[in-house]
């Protein structure tokens, strides 16, 4: 009975301490956190220059990297770099090269999740163009009557 009471008290204390820590957490406003914010423009043309590919990693040759197996979807770094250099980053992986020995390998990788805002911008550009074409089509239909 005494043990149960101590457990309940300890749990209540932990919950109270956790909520006190959360209450003291600093909240940063997004406008302070993100600077030099600009709209994405000309995204349709940039995306047209990309070539999506399917590929497989050479998991036999580079088995120490624990790369995913099977078909992958993505882009070649050499294709993305000219259009979106900020979406290419260098990855470092450490691997075991023997007893008490480890090595580091570096390679470039495309951060494909960064393409999402560009895709949204391109869709918006295309939608604006579609709306303009619809208006022009309606005007031509009215003139031809």
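The values are calculated or read from the model by the stated rules, or taken from the named source; none is laboratory data. None of these values were measured; they are calculated from a predicted model. With ideal geometry, Cβ positions are generated from the backbone for all residues, glycine too; neighbour counts draw on all protein chains shown.
Within the bounds of region 64-72, is there any residue that is in contact (Cβ under 8 Å) with a residue 24 or more places away in the chain, touching a helix residue (DSSP H, G or I) at 6+ places or on another chain (Cβ under 8 Å) and surrounded by 10 or more Cβ atoms within 10 Å (Cβ to Cβ)?
No, region 64-72 contains no residue that is in contact (Cβ under 8 Å) with a residue 24 or more places away in the chain, touching a helix residue (DSSP H, G or I) at 6+ places or on another chain (Cβ under 8 Å) and surrounded by 10 or more Cβ atoms within 10 Å (Cβ to Cβ).
If I ask for residues that are within 26 Å of residue 57 (Cα to Cα), out of contact with any strand residue (DSSP E or B) (no Cβ under 7 Å at 6 or more places or on another chain) and either surrounded by 13 or more Cβ atoms within 10 Å (Cβ to Cβ) or modelled with pLDDT of 95 or more (or both), which ones from region 88-117 would you list?
113, 114, 115, 116
Answer yes or no as to whether residue 128 is closer than 29 Å to residue 52 by Cα, under 19 Å from the mean Cα position of the chain (by Cα) and assigned to a helix (DSSP H, G or I).
No.
Can you tell me which residues in region 69-78 are more than 18 Å from the chain's Cα centre (by Cα) and either closer than 14 Å to residue 109 by Cα or at pLDDT below 95 (or both)?
Scanning region 69-78 gives a single hit, 78.
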